[in-house]
Amino acid sequence: MNTPKRADVILKGIPLSPGLAEGRICRVRSVPFQKTGGGGAASDPAGEEERFSRARERALEELKALEEATRQTLGSDKAAIFQAHQWMAQDPLLVDGVASGIREGQSAEDALVETTLALKAQFEALSDPYFRERAADILDVGQRLHRILTGSEDLSRLPEEDCLLAVEELAPSDAALLGTKKGVRGVLTAEGGPTSHFAILLKSLELPGISGLPLRDDLFVPGETALCDGETGEVVVSPSEETRSRFRDRMEQQERTRSRLKAGIDAPARTRDGHSVGLWGNIASPHDASGVLDAGGTGVGLFRTEFLFMGRTTPPDEEEQFQAYREALTALAPFPVTIRTLDAGGDKEVPYVKGLVGEEANPFLGLRALRVCLQHPDLFRTQLRALVRASAHGNLRIMLPLVSSLWEVRQARTLLEEVRAECRDQGNPTAERIPLGIMVEVPSAAILADRLAREVDFFSVGTNDLIQYTLAVDRQNPRLLSWYDPFHPAVLRLLALTAQGARAAGVEVGMCGEMAGDRLALPLLVALGYDDLSMSSARIPWVKETLLRLDRPSCQALWEEIQGMESGSAIRDRLAAFQETTGE
């Protein structure tokens, strides 16, 4: 008896990144990186050594191709990790260790696992931070070789045709690889929240994404067609022809909407009554600058410099950082470029910084971001020197992350002034004035906004962490999504307090968290007087379209009404009703 073909299997997940996509399901999963204990290779050690040799050759080919593709699409800074991994794949410590294990009777896979884990443990036990940092890279290379030996899949071998990538979880560093894969139309995961770093990168790549999905083999069959709606979090597996036809109509409508928005990118970003708001872009690389300009953005409110530091064994030196910052500043001149100093820790893991910090019970509340930089001034000074030198090539603003106290700002400013004096004494051209600002992303900074405003030139609210720390909610945990509420009355009070403190001191106040690109929140931000909003480039035209329909008096009246509400859900409903009155 033939089993009837299923159709329209509808699954609901958590929206990560908006957009519509159709493609064949591509499952990526790996064989566990552990010994099988088979030991059946003793009869043919020469054959096992040959298998390992071929696996190394293939790994080197993959890494070279990835290095070149990443350099062309995302720049040399992102490609450096793949070059380092080529060297490690040829390291005698690894190669000879595997050969020795094979001669002792192990399979190539088991010898590789044993050698890799032993090397990783040895490097982790060393006192020198440089060598401790190599442990993660050794494991990465070992896992790549293991995937080749076992025939399991990985991101480097995704098909070129339209596909929806289905994978349990993805790290932020995987986004660099996704950017080189033109066939990927969307991403489906089991883990990850809408404000995770990976979700933010999906938005910058304009790839629809959904998390919280049950990636069972009976639901997500490789090669089967699926439809992905990143706005609603809905996936349709094995859609009927009627469903596909309706979905394709929506995709065509999506393209028409994008064309309409693109036609208006040169319109001034202001309300109907003439109130201007800066609409800026968030970037992770100098190569993202063109996307901001193409979307009609008039500046960068957040350059995430941690991506220059990720996926490598040593930090970028002063010259490499200088080149990256200069490239971004030159591309966007005369518009402002707000460059955030190193924000490592939490969900932004940088191996050699972790080596300096050590293991922590709660990394999100630990030694991260500005705290690391102040405790390790050599690391901080190198970045500041690169920034000061680059300031001569555009409109630079420096932003400090995770500020919680006045003394942190004062100490950072003192170091910045020392570096500026050094650069001038050495004959380096620099900008006459470099604005210094802070991210307001912990409650203490919002509460002290009036005092902090006297120390800095601008504020930028990082709502992702501010919400997390205010509500004590892990923003990466999809099970806590209903507790993670941007419209919680406590969060809105802190946003108002921050804006009031900035206005009283005459400093600019902006926002660079995900809330900045939320059209539902826009009337409140206009009412509170936020000067600039920074978001993924793809969101700029959408937010501008909404802004053009608003007027500030109506927004202020709405804010007065909302202040009396007691729940985020009630506030959200009122904002949705207000949005309807503006014609959206």
Number of the condition not met by residue 531 [criteria: (1) touching a helix residue (DSSP H, G or I) at 6+ places or on another chain (Cβ under 7 Å); (2) touching a residue at least 40 places away in the same chain (Cβ under 8 Å)]: (1)
From 391, 405, 444, which residue is buried (at least 20 other Cβ atoms within 10 Å of the Cβ) and at pLDDT 95 or above? 391
Being in contact with an Asp or Glu (Cβ under 6 Å, 6 or more places away or on another chain) and small (Gly, Ala, Ser) narrows it down to one residue among 421, 386, 390, 412; which is it? 386
Return a yes/no flag: does the stretch 527-542 have any residue that is touching a strand residue (DSSP E or B) at 6+ places or on another chain (Cβ under 7 Å), of a type in the set (D, E, K, R) and either under 18 Å from residue 335 (Cβ atoms) or outside any loop (DSSP other than H, G, I, E, B) (or both). yes
Hand me the list of helices (runs of 4 or more DSSP H) wholly inside the stretch 386-491 holding 1 or more residues that are touching a residue at least 40 places away in the same chain (Cβ under 8 Å) and not assigned by TED's automatic domain parsing to the domain that holds residue 335. 443-447, 449-452, 463-471
How about the stretch 527-539: which of its residues are at pLDDT 95 or above and within 28 Å of residue 285 (Cα to Cα)? 530, 531, 532, 533, 534
Across the stretch 268-292, what is the total count of residues that are part of a loop (DSSP other than H, G, I, E, B), in contact with a helix residue (DSSP H, G or I) (Cβ under 7 Å, 6 or more places away or on another chain) and of a type outside the set (Val, Ile, Thr)? 5
Yes or no: residue 579 at negative phi, more than 24 Å from the chain's Cα centre (by Cα), of a type outside the set (Lys, Arg) and modelled with pLDDT under 95? yes
How many residues does the stretch 458-477 hold that are over 12 Å from residue 511 (Cβ atoms) and not β-branched (Val, Ile, Thr)? 9
Within the stretch 450-478, track down each residue that is among the basic types (Lys, Arg) and under 18 Å from residue 413 (Cβ atoms). 451, 454
Can you tell me how many residues within the stretch 214-232 are surrounded by fewer than 21 Cβ atoms within 10 Å (Cβ to Cβ) and assigned to a loop (DSSP other than H, G, I, E, B)? 12
Of the residues in the stretch 269-289, those that are touching a strand residue (DSSP E or B) at 6+ places or on another chain (Cβ under 8 Å) and closer than 18 Å to residue 510 by Cα number 10
Which condition breaks for residue 170 when tested against (1) at pLDDT 80 or above; (2) crowded, with 23+ Cβ neighbours inside 10 Å? (1)
Taking the stretch 510-535 on its own, how many of its residues are over 19 Å from residue 497 (Cβ atoms) and either out of contact with any Asp or Glu (no Cβ under 8 Å at 6 or more places or on another chain) or in the same structural domain as residue 579 (by TED's automatic domain parsing) (or both)? 7
I'm trying to understand the selection: among the residues of the stretch 305-348, which are part of a helix (DSSP H, G or I) and modelled with pLDDT under 85? 307, 308, 309
I need the strands (runs of 3 or more DSSP E) fully contained in the stretch 1-88, keeping only those with at least 1 residues that are at pLDDT 80 or above and of a type in the set (Lys, Arg). 9-12, 20-27
Could you tell me which residue of the stretch 354-383 is farthest from residue 417 (Cα to Cα), considering only residues that are modelled with pLDDT under 80 and of a type in the set (Gly, Ala, Ser)? 361
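The values are calculated or read from the model by the stated rules, or taken from the named source; none is laboratory data. The structure presented is a predicted model; accordingly, all values stated were derived computationally and were not measured. Don't worry about glycine lacking a Cβ; one is built from the backbone with ideal geometry, like all the others, and counts go over all protein chains shown.
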